[in-house]
Amino acid sequence: MNGVFQVDNLSKAFGGLTVSRDISITMKEGARLALIGPNGAGKTTFVNLVTGQLRPDSGTILLGGENVTRLGSVRRVRKGLVRTFQVTRLFSDMTPEEHVTLTVLQREGRASRILSRFFNDSAVAGEVESLLDALGLLEVARRKVGEIAYGQQRLLEIAIALALKPRVLLLDEPAAGVPQSETPRIEQALERLPPSLAVLMIEHDMDLVFRFARHVVVLAAGEIIFEGLPAEVAANSKVREAYLGSYANARQHA
Amino acid sequence: MQLVARTNPVKTLPATGGQVLRDVVGVVAIAALGVAGYFLFPDNLALLTRLIALALLALSLDLVVGYCGIATLGHAVLFGAGAYAAGIACVNGMTEPLTLIAIGAIAGAGAGLVMGTIMLRAHGLAQLVLSIAIVQLFHEAANKASAYTGGSDGLAGLSVGPLFGVFEFDLWGRTAYLLGLVLLVVVFIGLKFIVASPFGMLCRGIKEDPIRIRAMGAFVAPNLLKMFVISGFVAGIGGALAAISTQVVGLDSISFELSANALVMLVLGGIGTLYGAIVGTIIFMGFEHIVSAINPFHWMTMVGVLLIAVVIAAPQGVSGLFDRLWSPAGRGGRS
Amino acid sequence: MRSVAGFGTAERDTSMQTVFSIAIDALAYGMALFIICIGLSLTMGLMRVVNLAHGAFAMIAGYIASYAVRDLGIGYVVAILLAIAGTVAISIPLERLLYRRIYGSPQLTQVLMTIGITFCVIGITNYFFGPTLKTIPLPAALSQPVDLGFRSVAAHRLFVMACGAVVALGLWFFIEKTAFGIRLRATVDNASISEALGIRTQAVYTISFAIAMGLAAFGGVVGAEFLPIEPYYALRYMVTFLVVVSVGGAGSIPGALIACLVLGAVDTTGRYLMPEFGNFFFYAAVIAIVWVFPRGLLGKAQ
């Protein structure tokens, strides 16, 4: 059965270096997939490929059964394929309220309008407020993003993604760089994601992966080496080798 | 658990009002300054009208540089397009001043469309160089097409009809000045609305991080092009005003030098506020009037020193300096 | 003038003569541009500084050489060396005081700072030397035509071409083969790692800047026949230099060479055949090239 999001045999090489080889993934509505793997396994490259920042050499990407492989990144977002960034990309001079309002307006096709006020529509304002509230950002809604805590910035990234009403959400290390004390907040936000949304998460924090994911895919050197339940990951010899091997390599290099 | 930095607890967000008040005060101040100029310098109204025309150019440049983050050294193309379009229309018998302004605005917008289309293809240094090449190309073209533009002698002999059929463009330039002032205020208010609109916000976002904007599902280039067209519209009004008030259009109105000067004015005043464009133009023109009367080369040295000083001491421009001095928290007051 | 054997041949002969002199002028002009611009290409490509004041330094050198030859009666070659030394001496404190602040700054900041420096140089030069054009008289050996057997060519043109070739080869050798070249490329690739490896990056920058200025000075003097020395030189050719570098691709020696030769040819041909169009063709070519190659002919990815 086809899922809402399906990647078939995706490959990409930079010169002679293959960074993705024959990657296939299927996600159904409500899927909670974690994509893990040692550093340099090609996880972020994978996100860049499926969201259209990079062009794959071969393979197809289907979104709701529609082939989006040839579409640009903006069109994919508009069809419901939305990502967050590993390193926060926010406008430091703007407030969270402005970020989310801009995103909602964009989704409604009104962000390019000249003859309307930015904060004018009560329906938009209501949606923005409930989104910020859901992620616990209401208190800092009117502060410049440059002044709020990093954990809150990560939450804002998620709020922006949700404001686009995605069908598939790709979270690139949502907890990266967040102090330990703030991770529960991120976890909470992840638990509250709409149940029907298909979510793919890249994450290093294994606790978070085990709590969040119902399905795990392990990537090493651009290839899928394991696919299965979270409980089976640790026992898999290939996975152990990939992780330990990379540590062994790292020691050799050091 | 300390998750959230302490702030005033607001459960529901109140309406924004402070910025609007601030802008009303700003617009009133510009109008008042303009009226004061009318009474204080009755003998220098021609100079003040030129100041307004250049302020429109600087405002137009601020839209592109300050709100979209595109560095350009060829913005006089848009100004010159407006000036020549109005001038040529006037010589060919279209003498109604408001129509001429409209013609200038439309020509400027057209030039903005062309310039934006070419410039947005490149990035960074290549973009800057394209802007220069475009202004030089138009300069040469205007020089060559002397049958229409008067070439290096300039397009002279513009006889503009009375405004509303009543107010003649008199020798002292009263009508031209007041027309210019009204245009400036109207344009300024219009631009304040535009930069506060969703589109204005989107452009600010593009300036900071186009990749983020794309990830939000918005296209970058079409919106930048739109801003170029708006910018051209404003610069075109400035060009037409200059043409009407001086009744001459010279090659200098479509030159690299004018483009560079406009950038200097904008940077002196501070980019990305709209106020900075006007403040910078006043400072620049004021100094120029005083110093170049003594020796034009001293003037160049001084502009040079001013520029270096701005880069070193006040990267936010003069208005940014005021903001820093006046708000203790050190927040920039951006609209 | 050659003897006129018949109407047809005479016409063909004059047109051949025109083509030949255009070619020689284009080549020499392109080489002069190259000597000036390659320094700018280095600053922009390797040090990532948009130095709009580059032409101002070429102009300073022109003034020094002119003063040395005309007022002090010094020989041409010595005057060139003097001009290079003088220009470098002026540029080093400017690098320390001003340029160092804008390494790594946004482009707009660099543009503003260097336009500011240009304006200052123009104003000050005019204050001391006046607005008139300054010539650098050529020595007898360079002002004579040289007979190549089938045509005779002005010696100065050949001299400029030779200088261009020497600069191109010398620079290539310097960057690719010497120890300093290795340090320079390492610093450009990653300044912090280079510093950790014991390379004094500040010194590398200062030396590279001085070399760029020296090349500007050299080009300014030998190219004065094509780009005459006057106070507005710095502004008038600022655009030309910048255009050449971005067309060639900043930091690329062969790119700059090709760009100079192509644009020199376009410009010279345009001036010969359609002088009333001025620089029109030059800028049209620039827009066309940048449109097709937004990163320059041989530019690296940004």
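For this structure, a couple of remarks:
- For the protein assembly as shown, a simple Cβ point-charge model (Lys and Arg +1, Asp and Glu -1, everything else neutral) yields a dipole of about 1320 debye relative to the Cα centre.
- Calculated FRET efficiency for the pair residue C:92/residue A:210, C-beta based, R₀ 60 Å, to 0.05: 0.45
- Cβ neighbours within 10 Å from other chains - mean over A:84-94: 4
- With the cut-off at under 19 Å, measuring from each backbone N in region B:35-58 to a point 7 Å along the Cα-to-Cβ line of residue B:185 picks out B:35-42, B:45-46, B:48-57.
- Ranking of A:99, B:75 by count of other Cβ atoms within 10 Å, fewest first: A:99, B:75
- Histogrammed with a bin width of 20 Å, the alpha carbon distances of the protein assembly as shown distribute as 13, 38, 34, 13, 1, 0 percent, first bin at zero.
- Note on residue C:202/residue B:94: beta-carbon distance plugged into 1/(1 + (r/R0)^6) with R0 of 45 Å gives a FRET efficiency of 0.15.
- Tail beyond 34 Å, pair distance distribution of chain A (Cα, percent): 19
- With a Förster radius of 60 Å applied to the beta-carbon distance between residue C:172 and residue B:168, the computed FRET efficiency rounds to 0.30.
- From helices alone, chain C scores -23000 deg cm²/dmol at 222 nm; the rule is -39500 (n - 2.57) for each run of n ≥ 4 DSSP H residues, then divide by the residue total.
- Equivalent ellipsoid of region A:60-168: semi-axes from √(5λ) of the C-alpha gyration tensor, largest first, are 25, 17, 12 Å.
- Region B:19-254: C-alpha gyration tensor shape, a/c 1.5 cut-off, then a/b vs b/c: oblate
- Fewest-first ranking of B:90, C:163, using other Cβ atoms within 10 Å as the exposure measure: C:163, B:90
- Cross-link pairs beyond the 30 Å C-alpha cut-off, checked among A:12/A:238; A:165/A:238; C:134/C:177; A:12/A:144; A:79/B:192: A:165/A:238; C:134/C:177; A:12/A:144; A:79/B:192
- Charging the Cβ of each Asp and Glu at -1 and of each Lys and Arg at +1, and nothing else, the dipole of chain B about its Cα centre rounds to 1360 debye.
- In terms of overall dimensions, the C-alpha atoms belonging to region B:21-102 reach 43, 38, 22 Å along their principal axes, ordered largest to smallest.
- For region C:176-249 and region A:72-126, distance of Cα centres in Å: 44
- For chain B: relative contact order, % (alpha-carbon pairs under 8 angstrom, 6 or more apart): 30
- Cα-derived Rg to Rh of region C:130-271, Kirkwood definition: 1.04
- Legend: ranking of residues A:145, C:78, B:249 from fewest to most surrounding C-beta atoms inside 10 Å; resulting order C:78, A:145, B:249.
- Across peptide B:135-147, the mean count of Cβ atoms from other chains lying within 10 Å of each residue's own Cβ comes to 4.
- In a simple Cβ point-charge model (Lys, Arg +1; Asp, Glu -1; nothing else charged), chain A has a dipole of about 660 debye relative to its Cα centre.
- Sequentially through region A:89-103, phi angles give Karplus couplings (6.51, -1.76, 1.60; θ = phi - 60°) of 10, 10, 8, 5, 8, 9, 8, x, 4, 5, 4, 6, 4, 4, 5 Hz, Gly and Pro residues having no value and appearing as x.
- Gain on full extension, evaluated as 0.36 nm per residue between residue B:41 and residue B:247 minus their Cα-Cα distance, stands at 72.1 nm.
- Taking one quarter of the surface of the convex hull spanned by the alpha-carbon atoms of chain C gives a direction-averaged projected area of 17.8 nm².
- For the segment A:137-149, counting C-beta atoms of other chains within 10 Å of every residue's C-beta and taking the mean gives 4.
- Those chymotrypsin sites (Phe, Trp or Tyr not before Pro) in region C:168-269 that DSSP places in a loop and that have at most 16 other beta carbons within 10 Å: C:232
Values in this text are rule-based calculations from the coordinates and carry no lab data. None of these values were measured; they are calculated from a predicted model. Cβ atoms come from the backbone with ideal geometry, glycine included; neighbour counts cover every protein chain shown.
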